[in-house]
Every structure is written in C-alpha cells, then in structure tokens.
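Working notes, beginning with the structure itself.
The numbers here are math on the coordinates, done by the rules we state, and not lab data. Fair warning: this is a prediction, and the values are worked out from it, not measured in the lab. Heads up, the Cβs are rebuilt from the backbone with ideal geometry, glycines too, and the neighbour counts pull from every protein chain shown.
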Amino acid sequence: MLKVIKEKYLTILGILMPVLAAAAAFLIGSIALLILGANPIEAFGAMFEGAFGNPNAIADTLVKATPLLFVGVGICVAFRGGVLNIGGEGQLVAGALAATFVTLNVPDWPGWLIIAAAMISGTIAGAIWGGIAGALKAYLNVNEILTTIMMNAIAVQLMNYLLSGPLMDPVQIEQGSFIPQTARFPALADLPRLVPTRLHLGALIAVIIAILIWVLLWRTTIGYRIRCVGLNPHASRRAGIRVARYALLALAISGALAGLGGATQVLGLNHRMFTDGSASGFTGSAGFNGIVAALFGQLHPLGTIPASILFGAMLVGANKMQRAVQVPSALITALNGLVVVFVVSSEVLRRRIVHKQEMQRTAEATGQASEEVAGV
C-alpha cells in the first residue's frame, strides 16, 4: 500500500514540477515588472488577451507554436537517444531552403503535389543537416553540441548566399532593389488556411507528428532501442544494440522534424524565403525556443504540445504587454530563460527524490533477504 502511494506521489510530482517552475518564473517576472514600475496583473492580463483574446489572437498563438512543436518534438527524440540537438535553427533553415527550391522549380505541378514534394524535401534536408552532426558524434565522437551549433552558422551563410544570388526574386533584380528574398510562391503551393486567420494546416500536421513520434518511441522496437541507447549506451552495446547507429538515427529524426517545420513555415505562413542576415530573421528563434518547450514538456512528445502553445502564447502576448504597460517585450525572453532554469532544477530535484526512494527500497529488500537467510 505504501509503495503504491509513493509511486502516485512521484507521478503527481512529475506533473506538478513544470507548473511550479513556470509559477516561480512568473513570480520573478512580476518582481521585475514592479521594479520597472508596471502593474504585474495588468501586464500579464494584457499578455493573456494578446494571446487568447479573440479568434485571430488564438490563431496567431497556434501559428507561433507550430515551429516550436516541430523542433521540440525533435529535441525529445534526440534526448531519448542520448544526444543533444542545439541545431534547430539551422535545420529549420535547411528544410525551408529545400522546400523553397522545389516549389520555385515546379510551378506547373498540381498544388497538392508541390506541397507534398516541398515538405518531403524539407524533411530530407533537415535529416541530412542533423545526420551530419549525428555521424560525427557516432563514429568520430565529436561533441554534437558544437557541431549542431556550427551547422546553424553554415545554414545561415548558405541561406544568405542563395537569397542574395541564385534564388533571389528576379523582379527585385530587375528593379535594382536587391532585397534578399525569393519570388512569391505559386498560390497553389500555399498550405490550406483557416480564413480569415493566419492559422494553416501546419499546426495540425505538427500535432499529428507529435503523436506519431510518441508511438515511435514507446510502441515500436526502433523507439525502444533509441531509448535504451539514451538510458545506458554501455548496457545497450552489450545487449547487441548498435549504439552508434541509433545515436545517428536519433539526431537524423530530430533534424528531419525541424526541417519539416521549416518547410511548413515557408509554405503556410511566409510563402517566400527571406533573410535579414541571421537565422532568427526567418525562424523567429524557434530553433532555440523549441528547446525550452521540450524541456517544459518533460522531454515527452505529447507534453511538448501544450508546452509549445504556452510559449507561443507568451511570444504573441509579449507585444500586447509591451503596448499596454510600456515594458520591453524582451522580458519574455528573460521569462523563457527563467522557466528553463526552474524546470531543469525541478527535474534534478525529482530525480534525487526518485534515486533516494530506490536506494531505500534496495536497502529494505537487502534487509529482508538477510533476515530470511538468518532464519534458515
């Protein structure tokens, strides 16, 4: 009976930890608002209204959450495979560039076929971008954090080159404006949208992908092996699992999901590729904010769905808060960082509690066994 109560306690604790972490972050945010001379209730009320106040606001929140969900679910796969993917920005860009190239070169195809080809191309490009870092990690033991960050920089420079040259809008060249962007995609290539909002089909695709990744990780042999490698690569190797292969696969899948996110972003929202010289000009820092969403969702694909919506709401509502109480919207970036700190800290605390209880159970079992031996 006591064992069941303890297990339920741990389950409830695991659910409440992210909520408590977010509450702590918002408490510190409230103190910062007071220091800035703003009313926290008014500020957060404006943020909520900006994110959920009307159908258009809700749609904007879901649109902002969509790339976060693609990246966040990819982060979950990488983490479960024992590797860290910090290359979401570059993988988003790589996927968007591949989708852009395909879309601009097959304008006469049927719309559904253009969309399918572009999304498949974006997925493959993201998988390659993540797979390069995965291969370096798996076979040369190169730190994947460094390689994924460097791949971000390479993707940005590739994007800047292509959008300032081979893929630049011909109309811009003729007019002599030389804006680093592509031509507008054919209208047939636009993802279906919920009129009159900006909400496009990519949001639904992201949710479906999150569910499918949960099935992959917890209901298939491949997913089981990925998780085994992440939990204990040495034991997995002894069990006959090819650790290098599954570490590479985890990063490739992670990159593929981010690449698909980039493709849906450019097909569903922007309808052209553009750059301001940095990745964030196109991605809106979704590659990094997706990591935050994954952490808040306990690195679980299904938990990342509401987490992405929460952070999408914070990003959308930040503009409303800035106008309402005249504080910098960068405060939201600080809140994101605080959430990460508290979520990670709470996870460490939870693991310590679990480890302590496991040690107690082991000690009890050992003592019981000793008594049985003594009795014999």
Taking Cα pairs closer than 8 Å and at least 6 residues apart, the relative contact order of the chain in percent is 33 percent
The stretch 156-231: chymotrypsin sites (Phe, Trp or Tyr not before Pro) falling in loop per DSSP and having at most 13 other Cβ within 10 Å: 178
Virtual spin-label span in nm between residue 116 and residue 219, 7 Å along Cα→Cβ: 2.4 nm
Unit charges at the beta carbon, dipole of the stretch 61-328: most positive-side option, 277, 150, 79: 79
Between the stretch 124-181 and the stretch 269-289, what's the alpha-carbon centroid distance in Å? 12 Å
What share of all Cα pairs of the stretch 198-282, in percent, falls into each consecutive 5 Å distance bin? 3, 13, 17, 17, 14, 11, 10, 8, 5, 2, 0
Just how large is the dipole of the stretch 75-214 about the Cα centre, in debye to the nearest 20, putting +1 at every Lys and Arg Cβ and -1 at every Asp and Glu Cβ? 340 debye
Computed E for residue 177/residue 106 - FRET, C-beta separation, R0 30 angstrom, nearest 0.05: 0.70
Taking every alpha carbon pair in the chain and sorting the distances into 10 angstrom bins from 0 up to the bin holding the longest one, the percent per bin comes out as 5, 21, 29, 24, 13, 5, 2, 1, 0, 0
Expected sort for 83-92, 140-149 on mean C-beta neighbours within 10 Å, highest first, is 83-92, 140-149
q = 0.09, 0.11, 0.20 Å⁻¹, the stretch 11-160: log10 I(q)/I(0) [Debye, one scatterer per Cα]: -0.48, -0.68, -1.16
Label 7 Å along Cα→Cβ of residue 329; the stretch 269-305 residues with amide nitrogen under 15 Å? 280-286
Any idea how many Lys pairs in the chain come in under 17 angstrom at the alpha carbon, given 8 or more places apart or on separate chains? 4
Listed with the fewest Cβ neighbours within 10 Å leading, 271, 200 appear as 271, 200
Take the Cα atoms of the stretch 144-241, build their convex hull, and give its volume per residue in Å³. 185 Å³
What size of dipole, in debye to the nearest 20, comes out for the chain about its Cα centre when the only charges are +1 on Lys and Arg C-beta atoms and -1 on Asp and Glu C-beta atoms? 940 debye
When the chain is fully extended, how far beyond the present Cα-Cα distance does residue 28 get from residue 319, taking 0.36 nm per residue of separation? 102.8 nm
